[in-house]
Every structure is written in C-alpha cells, then in structure tokens.
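Peer 1: Mind looking over this structure? Questions follow.
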Amino acid sequence: MRLTMGGLRTRLLLSYLAVVGVGLLTLLLATLALGPTLFDRAMGHMMGGMMGGMMGGMVASVQASATQAFQTAMLQALVLSGLAAGVAAVVVSLLVSSRIVTPVQQLAGASERIAAGHYTERVPVSGSDELATLATQFNTMAEELETVERRRVALIGDVAHELRTPLATLEGYTEGLLDGVVQPTATTWAVLHDEVGRLTRLVQDLQDLSRAEAHQLPVSPSPHAPSELANAAVARLMPQFREKGIHLVVQVPPTLPPVLADPDRITQVLINVLGNALRYTPQHGTVTVTAERSDPSVSFHVADTGIGIASENLPHVFERFYRVDKARSRALGGAGIGLTIAKALVEAHGGQIWATSAGLGHGATFSFSLPLAP
Ligand code: ADP
C-alpha cells in the first residue's frame, strides 16, 4: 500500500488552523462578553470625575458612542489579527510539516524498496527526536535483513558446493564404469560407497543444522552425572581413536554434581567435538576430556595436541560451513557444520561453548558449560 503524504501534510495544516481558529474564537467571545462592561465601568469613573457638573443625560450619550466606537475598533483589530494569525499558521505549518513529513516519506520509500529486495537501502538520520530514533531503528532492521539475506545466499552457495564434490566423484566413477575405463572391483565399490555415505551425512547434518537454527531440535534436559555423559561419548569413539593411534584420556570426577542435560544431545555435542579432535590430531597425539564445577554450571573441556587454530580463525569456528583449511577439512570428511550444531545444542540447554588454542601446531581445547541441576 502506498502512503499518501499529502494527507499527513494537510492534516497537520488543518490542525494548526484549528488551534488558531479556536484560540481566536475564544478571544473574540471573551472580549465581546467582558470588553464593553469593563470599558463602561472605566469610562463611568473617568466621566464622573471629569465632568461632575454636566447633565447626567449628556454623559450617558457620550459614553454610549464611545462604547460603540470601541466595539467596532476592537472587532476590526480582531479580524485583522485573525487573518495575520492564519497566514502565520500556514507558514509555520508548512515549515514544521515538511520537517515531519519528509523523514516519514523517506521511511515509506525505503521500506518499499527493501520489500522489493533492495536490502542496501538506508534512510538519513538527522536530529535526536523520535523521528531520528525511528530512522536509526529502521536502519538497524535493514542491516539485519541484509545480513540474513547475505547468509541465505551464502548458504545456498555452500550447500551446492558441498554437494558438487561427492557428486562429481560419483559421476566420474559411474561414467568410467559405463565406458569400461574403471573396473568394477571392490575398491571401486568402496569409493562409491564412501561418497554416498558422505552425501548421506551431509544431508543429515544439514537437516540437523536447519532444525537447530530454527530451535526445533527437541531438547528434554534432566539431571545427569557429568562423568556418565563423558563416558557415553568416549565409549562410542574409542575404537576410532585406537585405530588412529591417538590416546584418549577421560578425567571427569564421578563426584561432580549432576547437570541438566538431554543425554542424546550432549552425546552428539561431545561426539562432534571429540570427532574433530580425532580428525585434527596426528598419530600418537593425546586427547583429554575433563570437567570441573564452575558455579552455576559444570564446564567440560576436550583438549587435543593436534594442529591447533590460529587466533584470527578462532572466533569463526562455530559459524556454519566455516573451515580453517577447506581442502584439508573436506578431505578429512568435514563439512564445517559440526560445531554450529554443537553450539545450537549447548545453547538450547542454557549453556555456552567456546574454543581456545595456543596457535597453529599447539593443539586446541573446546569447552562447553551445562547448568547444574537444581
Ligand atoms: P568440520 O566438519 O569441517 O570439522 P566443524 O564445524 O566441526 O567442521 O569445525 C569447523 C572448523 O574448525 C574445522 O574445519 C577446523 O578447521 C576447525 N577445527 C575444529 N575442531 C578443531 C580442532 N580440534 N583442532 C583444529 N581445528 C579444529
């Protein structure tokens, strides 16, 4: 719907004129009601004093003519001043209304252009009144919309990119099989199976990510011992750690007070973090799981002796599709979604997740907190 600002301008003008009109009418009525009486009284005093000896009738007739003249002069003055006030009201109204109407017009125009997909639109902010506040808030909203739109476009690009790699491998192998260039050996089927597995994992991760970001991953926390949660996840990944020759140490005291956790979800968080530690730590490295009480929560830490993370990359590792080294991470099976899902799950529990690292080559520690059970 298009806003017609002529309407607002006219209404502002009419409201100014109405104020002037009511003021004038009140002034007129009050003057007409009180003026003659007050004037007569003043004249009576004056005439009585000045012409004590004159005939009473003559005094009365002079007083009546003076009253008449006074009334006419007063009416003329009121009509003229009313006209002047009207003109002044029109001028002031035009000035003031343009100061109100112009920003509103700019806001209306900008919101229309944003609705049409031009997310870079902003309105000028001047002054410090309510209209300036409105313009500032409008610009903040436009910025948010622009960020969301940029992320949406990036997400589609990232998803397409992630799908392209396994699909290209599948396409290459199936074409080779059809042409007889690639032999249908066990190794070929294993590669095809791996790529299909990668696609399946990616789709599952994407589904979890979209649910997590829409806060639709159901979380039903109940009291659980931190050691129970850590041991469950460690048990799941122990075979892979053994296979790669990495030490996995768990030092979570069973005496720690229970935390509020959905065991399935927290196992998923620990598996994502431990899976990364496994992925980014070379053979003979060590991964240590610890936990300690830090009221009003318990903090879990997964520390590894792996490749580490440079300080400029640390703040981004929880962003979706962020990978410090794209080629390396993809080769190791990572899509850059695991930590984003972990963050959403920890936050759904009312906890926080963070990462620290002494730099490249110095290992990394991923930590998260869960609230203590009441
Ligand atoms: P991915 O599936 O690629 O591992 P994540 O969201 O789990 O995606 O992690 C994002 C990025 O953070 C990884 O690509 C990697 O560069 C970095 N990262 C995560 N965990 C570690 C770790 N333990 N050591 C070094 N880098 C890590």
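Peer 1: So for the chain: antiparallel DSSP bridges make up what percent, rounded to the nearest 5? If you can, show how the numbers build up before the last one.
Peer 2: On the way: 24 of 29 bridges.
So the antiparallel bridges in the chain amount to around 85 percent.
Peer 1: Answer rounded, prolate or oblate for the stretch 162-221, using the Cα gyration tensor with square roots of eigenvalues a ≥ b ≥ c: rounded when a/c is under 1.5, else prolate when a/b is larger than b/c, else oblate.
Peer 2: Prolate is the answer for the stretch 162-221, as a/c is 1.5 or above and a/b outweighs b/c.
Peer 1: In bins 20 Å wide, starting from 0, what share of all Cα pairs of the chain does each bin hold, as a percent?
Peer 2: Taking all Cα pairs of the chain, the binned fractions are 19, 30, 19, 13, 11, 7, 2, 0 percent.
Peer 1: Using the heavy atoms of the protein chains alone and a 1.4 angstrom probe, what is the accessible area of the chain per residue in square angstrom? Write down the numbers at each step before the final one.
Peer 2: On the way: 21660 Å² over 374 residues.
Normalised by residue count, the accessible surface of the chain is 58 Å².
Peer 1: Over the chain, what percent of the accessible surface lies on carbon and sulfur atoms, probe 1.4 Å?
Peer 2: So the carbon and sulfur contribution to the accessible surface is 63 percent.
Peer 1: Hey, another quick one. Between the alpha-carbon centers of the stretch 80-126 and the stretch 188-267, tell me the distance in whole angstrom.
Peer 2: 58 Å
Peer 1: Next question. Evaluate E = 1/(1 + (r/R0)^6) for L75 and T133, where r is the Cβ-Cβ distance and R0 equals 51 Å; express this FRET efficiency to the nearest 0.05.
Peer 2: Result of the calculation: an efficiency of 0.60.
Peer 1: Hydropathy first: keep DSSP H helices in the chain averaging at least 0.0 on Kyte-Doolittle, then drop any whose Cα extent along the axis falls short of 20 Å, and list what survives.
Peer 2: For the chain, where a helix must reach 20 Å along its axis and average at least 0.0, the hits are 5-50, 56-115, 263-279.
The values are calculated or read from the model by the stated rules, or taken from the named source; none is laboratory data. If you're wondering where the values come from, they're calculated on a predicted model, not measured in any experiment. Heads up, the Cβs are rebuilt from the backbone with ideal geometry, glycines too, and the neighbour counts pull from every protein chain shown. All accessible areas refer to the heavy atoms of the entire protein, side chains included, with ligands and DNA or RNA removed. Shrake-Rupley method; radii C 1.70, N 1.55, O 1.52, S 1.80 Å.
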